[in-house]
Amino acid sequence: MGQREVSEDCIQMYFKVKGPVTQFLGRAHLCRAQLCAPKSTENMEEFENCVTQYMKAINFAKGEPRYYFLVYNASVLYWQMVRPFLKPGYRHHLVPSLAQMVSALSQTEEEDKEWQAELMLELLQCYLQAGESEEAAKLCATAAPFIKAHVPQKYRQMFALMVRHELMDELQLKEERRSSTSLSVTFHINMLKAKLDQNDLPEDVNKILKDTYRRLSQYNHQRFPSVREEKMILLFELAHLSLILKCWEIASDCLSDLKKMDSKDPARLMEVECLEYELEAVRLENKIKTYTREAVEVSCGPGAGAEAEPRAGPWTLCVDLVWRRGQVGGGALMGTSQPPVPRAPL
């Protein structure tokens, strides 16, 4: 109702009176946590105070099975609070509190396994961005079997992180990638991403991309509709990686397959459109010659254009040349027919 001051007064009155230790103590800590939520990712003092209240709530609730619901509520409210911190350079602040939250949910035998899996994956991302590889590997040892058993639809995401950051031994990797087409494709995509991160791409990178696309093409989404969404995600990943690695042919084939799948989801249609614009931009970039100031001066000479316009120089001619190319090209460089700038997926 927007009455923040009333809420603060009520919470202060509650803690001044030593009432019975019931669920309302946990609820009071959750209320106080929401009242002191940080207004900015730069205010770490407010963040720490807020986290302290959430920790008090879960430490109180996890000791009594009838209060386990408060642990779940605390995890949901906590996650709403920390979402602004899910950006590069800030995730490491979440490691201690998110690790405690994941541990508390495991201790209370939470029924919502998908929510647990989601927080485990986020904690893994936090460990990796914080450079805590050992802790990430320890988490994978428990989280991977848990997700594979209880939330198999999220296991591919877990597997991708383990491959890219080398958190799984070679023997286990070989066994996993043989178990399904999805994991095989995921392995090769993320293996190349890892090599790209290390600036150590193999010489046969194009062959690997083509073989990966061939495997993905055999993934029959018409016979097994349940894999349709997963195949689309893999096609997007392979297409974007192929663009980065300048393998336009594979990117184009992935785009063609995505169009054939005829998705009705507006978000997916937007992603397909953005991918199409990105590929078209690359094609145009390869066709258009870039006219730099130095290039024009070399080709036209220092006195070019002086007779027509005393103050005109090579750079003026360059601008005029680019404008004329845009006119001749039907607006490819200038005009209303230029494609809109792709927007990031929602």
So what J values fall out for region 208-224 if you push phi through Karplus, 6.51 cos²θ - 1.76 cosθ + 1.60 with θ = phi - 60°, rounded to Hz, Gly and Pro as x? 5, 5, 5, 5, 5, 5, 4, 4, 5, 5, 7, 6, 7, 7, 7, 6, 10
Taking K and R as +1 and D and E as -1, what net charge do the other residues with C-beta under 13 Å from the C-beta of Leu139 add up to? -3
Run down the lysines and flag those whose C-alpha is under 22 Å from the C-alpha of Lys16, throwing out any fewer than 8 positions away in its chain. Lys56
A 1.4 Å probe over the protein heavy atoms gives region 140-180 a carbon and sulfur accessible-area percentage of 49
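Sort Thr52, Thr108 by heavy-atom solvent-accessible area, probe 1.4 angstrom, most to least. Can you show the working numbers first?
On the way: Thr52 65, Thr108 10 Å².
The residues order as Thr52, Thr108, largest area first.
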Could you sort 53-66, 202-215, 248-261 so that the peptide with the highest average Cβ count within 10 Å comes first and the rest follow in order? 53-66, 248-261, 202-215
Per the 1.4 Å probe, what fraction of the accessible area of region 3-137, in percent, lies on carbon and sulfur atoms? 50
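Report, to one decimal in Å, the Kirkwood hydrodynamic radius for region 1-110 based on all distinct Cα pairs.
Details: mean 1/r = 0.0687 Å⁻¹.
Every distinct Cα pair counted, the radius reaches 14.5 Å.
I'd like to check one number: the per residue accessible area of region 1-110, probe 1.4 Å, reported in Å² as a whole number. Before the final figure, lay out the partial values.
Working: 6390 Å² over 110 residues.
Accessible area per residue, region 1-110: 58 Å².
The values are calculated or read from the model by the stated rules, or taken from the named source; none is laboratory data. Keep in mind that this is a model prediction, so the values were computed, not measured. Positions of Cβ are generated from backbone atoms using ideal geometry, with glycine treated the same way; all protein chains shown enter the neighbour counts. Ligands, DNA and RNA are excluded from the accessible area calculation, which covers all protein heavy atoms including side chains. Shrake-Rupley method; radii C 1.70, N 1.55, O 1.52, S 1.80 Å.
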